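Only the coordinates and a few stated rules stand behind these numbers; no lab work does. These numbers come from a predicted model, not from an experiment. Please note: Cβ atoms are built from the backbone with ideal geometry, for glycine as well, and neighbour counts cover all protein chains shown.
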Amino acid sequence: MSALNQDIETIAAAKAAAGSPWDAINPESAARMRAQNKFKTGLDIAQYTADIMRADMAAFDKDKSLYTQSLGCWHGFVGQQKMISIKKHFGGKTDRRYLYLSGWMVAALRSDFGPLPDQSMHEKTTVANLVEELYTFLRQADARELGGLFRELDAAREAGDSATEAKIQDQIDNHVTHVVPIVADIDAGFGNAEATYLMAKQMIEAGACALQIENQVADEKQCGHQDGKVTVPHADFHAKLRALRYAFLELGIDNGIIVARTDSEGAGLTKEIAVVNEPGDQGDVYNSFLDVEEIDVADMAEGDVCFNRDGKLVRPKRLPSGLYQFRQGTGHERCVFDCIEAINAGADLLWIETAVPTVHEIKGMMDDVRKVHPDAKLVYNNSPSFNWTLNFRQQTYDTWAAEGKDVSAYDRANLMSAEYDETELSAVADERTRTFQADTSREANVFHHLITLPTYHTTALSVDNLAKEYFGEQGMLGYVKNVQREEIRQGIACVKHQNMSGSDMGDDHKEYFAGENALKAGGAKNTSNQFG
């Protein structure tokens, strides 16, 4: 017996026990509402999605072609439309396709302060609120889709079409939810380890099964693709990793996922000299990367900070800001060490920021990590901060030049120019871009590929094009031809925006609640009927 039919029987029994006051209650209607609300709490979602992500990680360990992907979302509607589109284009399945919640987009688009840079200045609660919002929209997508199937089922019954009825009933019984894992950005924890723990609890309670945290100083936090990043000693970062794990365990999500992000490859600064308990420990290794000069005790100035290194007194170079700098050229080594130690401290996945998107650089760091942790898996940011076209054209140019191929027709410094768009070099570069995710997953064990800010950029691009046409000579045709007509031709669900907002579900409920007395919005005069 299907879950729906079981619920019908259960509710029918409750109705019988309640007696005449429940005479107007239809058990099937109530069971349908229950089916449209599969997830009752955020913790239900967190557990469901953690199970999915863990299964995906195990499958990836066996087959590197089974990597996962996500696109960053800054509003529940964006996430909802993404998952509706995925189900439409990929056979009704959402396998290995997630959502990413970007702290950058939260700061830029969701803060009460207005647009902010990615420096952890936005409200702490905004991220958890967006997790909840995303899942609210995804659950509504479930309810809307099931509501449409229920209406089709009723129509088949009324027509006496048992074959269609059976087909639709099967779709209902095997409905694939729009709810998928969200990898959520908790920045550097927004404070100390206790603050990190409290914020993590909010995010998990809202439904997040995977939390991404970085090893920057919380009050000096910078976007991973900007200069001025300041990292913290391992003891500080690992306390926050443990805070995340305790939050998951307290809330019963024992298999929650922690993504440890290191910005060390591009970070040249630290705020602290690490505590050293014994030679060769984490603190000692961290300090070994500092840019220091050997001095004599007599050379110490008032206020100097110095320490003993291998029996010698050294003074780390201190900037006017009070920060200390690492030696040039140590980024790769520091990043690898950070990754190894993060896994030792309980991280499930790693995140490495790189200066440019190159397979060999990512592979080089992960090869070193995997010498210690063979199963180490990576989350990689396919960031819009990279100029992908220029980078891959230059990489192709350099490969050709190294192979002795004639590149005299190309100006390496000007390869972004549109004059190269139809060239052989451009075609090869585009193919390398197309296969980048598959290549890095195979070569560097990248389990999850994400684009942090895609919907920020697509919104800007589409609004720019609409404004240019609508306020220009095209007038209303600028909207009709380039937006609405394309929605109709491509079967974009939100062309029926009343339906997307829940109007038809509201009509269903009105009928459940008031029967023939219901005043419904979806009648003959509803202009949405023009869309069929």
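Taking amide H positions as placed in the peptide plane 1.01 Å from N, state which residues far from residue 378 in sequence (5 or more) or on other chains have amide H under 5 Å from it.
The answer is 350, 446, 447, 448.
How long is the gain from residue 498 to residue 328 if the chain were fully straight, where each residue apart is worth 0.36 nm and the alpha carbon distance is subtracted?
Contour length minus the Cα-Cα distance gives 55.4 nm.
Roughly what angle does helix 331-344 make with the longest principal axis of the chain, taking Cα atoms, 0 to 90 degrees, to the nearest 10?
60
Plugging the Kirkwood radius over Cα pairs into Stokes-Einstein for region 372-483, at a temperature of 25 °C and a viscosity of 0.890 mPa s, what D comes out in µm²/s?
Estimated via Stokes-Einstein, D reaches 143 µm²/s.
Jot down the radius of gyration and Dmax of region 329-424, Cα atoms only, both in angstrom.
Cα only, region 329-424: 17.1, 52 Å (Rg, Dmax).
For residue 424, project a label point 7 Å along Cα to C-beta. Then give me every residue of region 368-405 with its amide nitrogen under 11 Å of that point.
405
Only bridges whose two residues both fall in the chain count here: according to DSSP, what percent of them are antiparallel, nearest 5?
Among the beta bridges of the chain, antiparallel pairing accounts for roughly 25 percent.
Using r as the Cβ-Cβ distance of residue 3 and residue 23, and R0 as 22 Å, what FRET efficiency do you calculate, to the nearest 0.05?
0.30
Please list, ordered by chain and number, the residues whose modelled amide H lies under 5 Å from the amide H of residue 102; skip anything fewer than 5 residues away on the same chain.
Amide H neighbours of residue 102: 73.
Quick check: pseudo-label points 7 Å beyond the Cα along Cα→Cβ at residue 317 and residue 158, how many nm apart are they?
Label-label distance for residue 317 and residue 158, simple model: 7.9 nm.
Excluding residue 354 itself, calculate the net charge of residues whose Cβ lies under 9 Å from the Cβ of residue 354, where each Lys or Arg counts +1 and each Asp or Glu counts -1.
Local net charge: -3.
Averaged over every viewing direction, what's the projected area of the C-alpha convex hull for the chain? Give it in nm², one decimal, please.
Dividing the Cα hull surface by four gives the mean projection, 34.0 nm².
Scale the Cα Rg of region 292-339 by the rule-of-thumb value 2.2 N^0.38 Å and send over the ratio, two decimals.
This ratio for region 292-339 stands at 1.36.
Would you kindly calculate the mean projected area, averaged across all directions, of the convex hull enclosing the Cα atoms of region 262-304, in square nanometres?
4.3
For the chain, what's the relative contact order in percent, using C-alpha pairs closer than 8 Å and at least 6 residues apart?
15
Using the alpha-carbon centroid of each, what span in Å lies between region 150-224 and region 418-492?
Using only Cα atoms, the two centres lie 25 Å from each other.
Between beta-carbons, use under 14 Å as the cut-off and find the net charge around residue 417, counting Lys and Arg +1, Asp and Glu -1.
-2
At a Förster distance of 25 Å, what's the computed FRET efficiency of residue 368 paired with residue 278, Cβ-Cβ distance as r, to 0.05?
Result of the calculation: an efficiency of 0.55.
Calculate the spin-label point distance for residue 136 paired with residue 486, positioning each point 7 Å from the Cα along the beta-carbon direction, and give it in nanometres.
For residue 486 paired with residue 136, the spin-label model returns 2.9 nm.
In deg cm²/dmol and to the nearest 500, what is the mean residue ellipticity at 222 nm of the chain if only DSSP H runs of at least 4 residues count, each as -39500 (n - 2.57), divided by the residue total?
Value at 222 nm, helices only: -15500 deg cm²/dmol.
To test your reading of the geometry: what angle, between 0 and 90 degrees and rounded to tens, separates the Cα axis of helix 388-403 from the longest principal axis of the chain?
Long axis of 388-403 versus the principal axis of the chain: about 50 degrees.
In degrees between 0 and 90, to the nearest 10, how far off the longest principal axis of the chain does helix 193-206 point, with axes built from Cα atoms?
Rounded to the nearest ten degrees, it is 20.
Search the structure for amide H atoms under 5 Å from the amide H of residue 70, placed 1.01 Å from N in the peptide plane, and list their residues when 5 or more places away or on another chain.
Placed amide hydrogens put 98, 449, 450, 451 under 5 Å from residue 70.
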